[in-house]
Structures are given as C-alpha cells and as structure tokens.
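Novice: Next up is a structure, given as structure tokens.
Every number in this text was worked out from the coordinates using simple rules, so none of it is lab data. Keep in mind it's a predicted model, so treat the numbers as computed, not measured. Neighbour counts run over all protein chains shown; Cβ positions are idealised from the backbone, glycine included.
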Amino acid sequence: MKIKFLAVFAALLLTAAPLIVTNYACAQDITAAPSETPAVSTEAPAAQESSTSEISAAAGATSEAVITSEQVLQKVEDRYVGKTSKAAMKMILKDSSSEEKERTLTIYRRKIDNANLSNFQHFHSPADMMNTTFLINEKDGSQEKFIYLPSFKKTRKIVSKDNNVRYVSSDFSYEDLDNFHAADYICEKLKEEKYENEDVYVIECKKKSPDSQYSKFIFKISKEKELPLVAMLYDKKSGDLTKQIENKNLKKIKNIWTPYEVEMKDLKNSSSTRLTLDKIEYDVELSDDTFTQRNMEK
C-alpha cells in the first residue's frame with residue numbers, strides 16, 4: 001500500500017479539520033455553550049459602503065469596542081461541537097486526470113476542553129486500506145499523532161518533520177489534521193466581506209511554529225456559524241497559494257452547524273480530496289479505550 005507523508009474546521013474542518021474533519025459526531029437536543037469571549041456587536045456603521053473593512057462596534061456613548069482577529073479565532077476554537085461524536089464518512093480522492101478512488105471510514109471524536117481532545121479514524125474499505133487507523137491525542141495542550149498500517153503491522157508516531165507528508169495518499173497533510181488552537185497564530189487586522197452571500201470575517205495569519213509548511217493562511221469565517229467556510233493555504237517556499245479547503249452543505253443538527261462535505265484542493269497538483277458525511281451522532285457514549293494505541297491495532 002502506498003502511504004505518503006495530512007489539521008481546522010473542519011477542524012475545521014475540520015476542523016480544521018480537523019478543524020475540518022473533527023466537526024462531526026445525535027441523541028438529544030444540545031444548547032450551544034456560552035462563549036468565553038465577551039459578546040461584542042459587529043454591526044457596521046450605516047454610512048459604510050465598502051464590503052471589506054475593519055470591524056468595530058459602538059460600546060457606549062464615549063467609547064468603541066473592537067473585536068479582533070484573535071477573538072474571532074478563539075470563537076472558532078470554543079464553538080460547541082458536542083462532547084463526543086461518531087461519524088460514518090466517505091473519502092473520495094480525485095487525481096489530475098479526474099480518476100476517482102473511494103474509501104469509507106468512521107471518525108470518533110472527544111472534546112473534554114480546548115486542551116484535552118482526541119480523534120480516532122478507522123478505515124473500512126477498500127481492501128488495501130481496511131483497518132488502517134489514525135489517532136490524535138492531546139492532553140493538557142500536548143499533542144501526539146499515530147498511524148497504524150496493517151500491511152506493516154506497526155504503529156508509527158507522527159512527528160513535526162512529517163508535517164508536509166500526505167495522509168494516506170490524500171490531499172491532506174499531517175499538519176492539516178492538527179487540532180485547531182487560536183493561540184497558534186499571529187494575525188493581521190480583521191476584515192469583513194460577503195462570501196457566497198454570507199457575512200464573513202476575513203483573517204490573514206501565520207503560525208508561530210517554524211515547523212509549519214505554510215507561509216500564511218487566509219480564513220473566511222462565517223459570522224453566524226463561527227466556523228471557516230474556506231481556508232486558503234500558502235506555501236512557505238514559493239509563497240504561492242497551494243491548497244484550498246472548504247466546508248460545504250452545512251446543516252444544523254441538534255443546534256450544531258455541521259458540514260456534510262469538506263473538500264481539500266491541491267492547486268499545485270490539480271487533485272482534490274472530498275470527505276462526505278453519511279451519518280453522524282453527537283454526544284454518544286465512547287469508552288476511554290477508543291482513543292488508545294491498543295485500539296488502533298484491533
């Protein structure tokens with residue numbers, strides 16, 4: 001099996017993904033937890049005509065309160081996504097010739113708080129991917145990542161030098177799967193605009209860590225949903241836009257905005273990877289054993 005060396009709102013994605021891919025996981029109604037960040041009005045002055053501007057709002061007769069890029073990113077990190085989740089998904093890989101390969105997997109997620117998170121991914125098909133597993137455990141802000149490859153019967157720890165390596169030959173790198181933390185970024189001033197008829201915050205930032213493969217990120221974050229609709233990733237070496245990740249087909253499930261499709265485009269290689277959601281359950285009971293290296297090899 002060919003495994004090359006895939007982290008918003010997903011986590012986003014997905015987080016993100018994580019940010020992107022960790023937003024998935026419905027047994028009961030959920031009320032969004034109150035934000036730890038003081039609420040501030042973001043209504044633009046009536047006389048303002050530009051669709052892109054710094055964000056400020058009146059806070060009394062004699063002073064103004066300003067919401068910052070860092071506060072918006074913190075809202076993304078703090079967004080309530082359930083204590084646990086279980087999601088059945090498909091991963092569709094498309095190469096430059098538009099040939100597609102499909103995989104199926106289950107993603108289990110647990111969030112105790114912002115510094116204690118776990119994510120376990122288990123592939124079921126095709127045959128050469130069956131029982132491949134991936135684990136992220138973060139305890140007190142310290143994160144560890146592992147991958148188990150059945151063909152080698154071995155669990156391997158993922159380290160910072162693997163940041164730009166493709167995760168299971170997809171368009172996600174291991175860095176793209178990192179848990180999202182607002183404090184990891186240095187940001188420019190906040191702007192706002194319309195993206196696909198939705199009000200968004202636009203934030204340009206870079207990671208504090210020198211190990212990142214990206215020179216900068218541009219996030220377009222939904223003001224209503226408090227998650228990125230799109231993230232643009234720029235290559236550290238060339239400075240060019242190299243990847244773009246989108247959260248699509250968002251639906252509110254048990255009061256949680258959930259992307260039913262996450263797409264990562266590799267603009268350099270003209271390839272893409274889509275994660276599509278078949279079924280999701282929030283706040284399900286998951287044992288501690290779910291998020292262990294022992295479970296990876298079962």
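Novice: Which aspartates and glutamates have a Cα lying under 14 Å from the Cα of K189, excluding residues fewer than 8 positions away in the same chain?
Specialist: E54, E70, E204
Novice: Using a/c under 1.5 as the rounded threshold, could you call the stretch 57-296 rounded, prolate or oblate? The axes a ≥ b ≥ c are square roots of the C-alpha gyration tensor eigenvalues, and prolate needs a/b larger than b/c, oblate otherwise.
Specialist: prolate
Novice: Compute the Cα gyration tensor for the stretch 159-298, then decide on rounded, prolate or oblate, letting a ≥ b ≥ c be the square roots of its eigenvalues: rounded whenever a/c is under 1.5, prolate when a/b is larger than b/c in the other cases, and oblate in all that remain.
Specialist: It is oblate, given that a/c is not under 1.5 and a/b is not larger than b/c.
Novice: If you don't mind, there's one more thing I want to ask. How would M264, M91, M296 line up from fewest to most surrounding beta-carbon atoms within 10 angstrom?
Specialist: With the fewest neighbours first, M264, M91, M296 line up as M296, M91, M264.
Novice: Hey, which aspartates and glutamates would be in cross-link range of K139, C-alpha to C-alpha under 17 Å, not counting anything within fewer than 8 residues on its own chain?
Specialist: K139 reaches E77, D78, D113, D178, D184, D288, D289.
Novice: Let me ask something additional. Gap in Å between the Cα centre of the stretch 121-147 and the Cα centre of the stretch 206-231?
Specialist: 23 Å
Novice: Sticking with this structure for a sec: Arrange the following residues from fewest to most other Cβ atoms within 10 Å of their Cβ: Y148, Y167.
Specialist: Sorted ascending by nearby Cβ count, the order is Y148, Y167.
Novice: To make sure I understand, if each residue's beta carbon is the centre and we count other beta carbons within 10 Å, what order do V72, V159, V81 fall in, fewest to most?
Specialist: Final ranking by Cβ density, sparse to dense: V159, V72, V81.
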